Amino acid sequence: MPATLPLTGQQTLARERLIVALDMPSADKAREIVDELSGEVFAFKIGLQLFTAEGPAFVSELVDRGEKIFLDLKFHDIPNTTAMAAVSAARLGVWMMNFHAAAGREALETARFAVEEVCSSETLERPLLIGVTLLTSSGEKHLKELGSDGTAEEFVLRMANVVASAGLDGVVASAREAAAIRSAMGDDFVVVTPGIRPEGGTIGDQKRVMTFRDALDSGATYAVVGRPITAEKDRRAALAALTA
Ligand code: C5P
């Protein structure tokens, strides 16, 4: 048998476009998932739960293992604090990090300048810098509470423009808005879509969901998947089913 079998279309898609969310309480639990799925998916996402429990040491551990890490800490603070947090994240060697677009153009731009500077002076690879437009768990009711009367899509496009005007690389948004973002922002803009669910799967706390294939067809560059894979007993089977 040849050492490397040709990839099927679905394996290629997962290896090039799927990011697994390590929303786990401990490094031990997250390590189990990485051991199981390393090489089968494009990157792993470390978010607030795992980072708060295990800190930067676990990020470094996975970076040292050669994993691509999306550090999903959604920085949102005054420009200087946002920028300094971003510099610390860049020094960890993450592949991608994000900010809340609502932090505003000045904070996002200050962060970008600071990251570019540290990466050039310390010869680091510049991570992708992404803005969160609107959480996929939020809908128009939530926007109304915030005093915004438009549709989710209008809000998301407004935020995408803020992100682009600050020179960031792209956005996190629901796959439902991916097509509109793609056509408004062009081919080079990175669109990361969480809220991915298998056909007929449990939605949980997400609201604006889509299947993996439909998200990519709608213009997503990368799709983030958490519980539909990580909460399953047979994660490899869940991955295969999700990307079929
Ligand atoms: O388990 P599930 O697939 O719903 O996980 C989605 C992941 O994407 C979570 O880690 C969540 O924090 C993250 N996320 C999101 N919506 C955004 C940004 C990030 O659901 N707009």
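The values are calculated or read from the model by the stated rules, or taken from the named source; none is laboratory data. Predicted, not measured: the structure shown is a model, and the values here were computed from it. Cβ atoms come from the backbone with ideal geometry, glycine included; neighbour counts cover every protein chain shown. Heavy atoms of the whole protein, side chains included, go into the accessibility calculation; ligands, DNA and RNA do not. Shrake-Rupley method; radii C 1.70, N 1.55, O 1.52, S 1.80 Å.
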ask   = Applying the Karplus parametrisation 6.51 cos²θ - 1.76 cosθ + 1.60 with θ = phi - 60° to the phi angles of the range 163-170, what ³J(HN,Hα) value in whole Hz is obtained for each residue in order, glycine and proline being reported as x?
value = 4, 5, 5, 8, x, 6, 8, x
remark   = Pseudo-spin-label distance S38 to A237, built 7 Å along Cα→Cβ, given in nm, is 2.5 nm
remark   = Computed on Cα atoms only, the convex hull of the range 119-244 has an orientation-averaged projected area in nm² of 9.6 nm²
query = How about the range 86-156: which trypsin sites (Lys or Arg not before Pro) there are in a DSSP loop, with at most 13 other Cβ atoms within 10 Å of their Cβ?
reply = none
query = Relative contact order, percent, of the range 41-156 when contacts are C-alpha pairs under 8 Å separated by at least 6 residues?
reply = 22 percent
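Under the rule of -39500 (n - 2.57) per DSSP H run of 4 or more residues, summed and divided by the residues of the chain, what mean residue ellipticity at 222 nm is obtained, to the nearest 500 deg cm²/dmol?
Values: 11 runs with 114 residues, N = 244.
Result for the chain: -14000 deg cm²/dmol, rounded to the nearest 500.
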ask   = What are the residues whose amide H is under 5 Å from the amide H of M24, where those residues sit 5 or more places off or on another chain and H is modelled from the backbone?
value = L50
query = Can you give me the relative contact order of the chain as a percent, contacts being Cα pairs under 8 Å and 6 or more apart?
reply = 17 percent
ask   = Given a 1.4 Å probe, how much area per residue of the chain is accessible, in Å²?
value = 47 Å²
task = Can you check how the C-alpha radius of gyration of the range 9-239 compares to 2.2 N^0.38 Å, as a plain ratio?
result = 0.97
query = Roughly how much of D188 is accessible, in Å² to the nearest 10, using a 1.4 Å probe?
reply = 140 Å²
query = What are the extents of the Cα atoms of the range 27-109 along their three principal axes, listed from largest to smallest and rounded to whole Å?
reply = 40, 23, 20
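Where in the chain is the longest stretch that carries no GluC sites (Glu not before Pro) classed as loop by DSSP and with at most 11 other Cβ atoms within 10 Å? Numbers along the way, then the final one.
Details: sites that count: E122, E125, E199.
Between the exposed loop sites, the longest stretch runs 1-121.
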query = Spin-label point model (7 Å from Cα, Cβ direction): what's the K141 to S88 distance in nm?
reply = 3.6 nm
query = For the range 148-210, what is the convex hull (Cα atoms) projected area averaged across all directions, in square nanometres?
reply = 4.9 nm²
task = Tally up the carbon and sulfur contribution to the accessible surface of the chain as a whole percent, 1.4 Å probe, everything protein left in place.
result = 51 percent
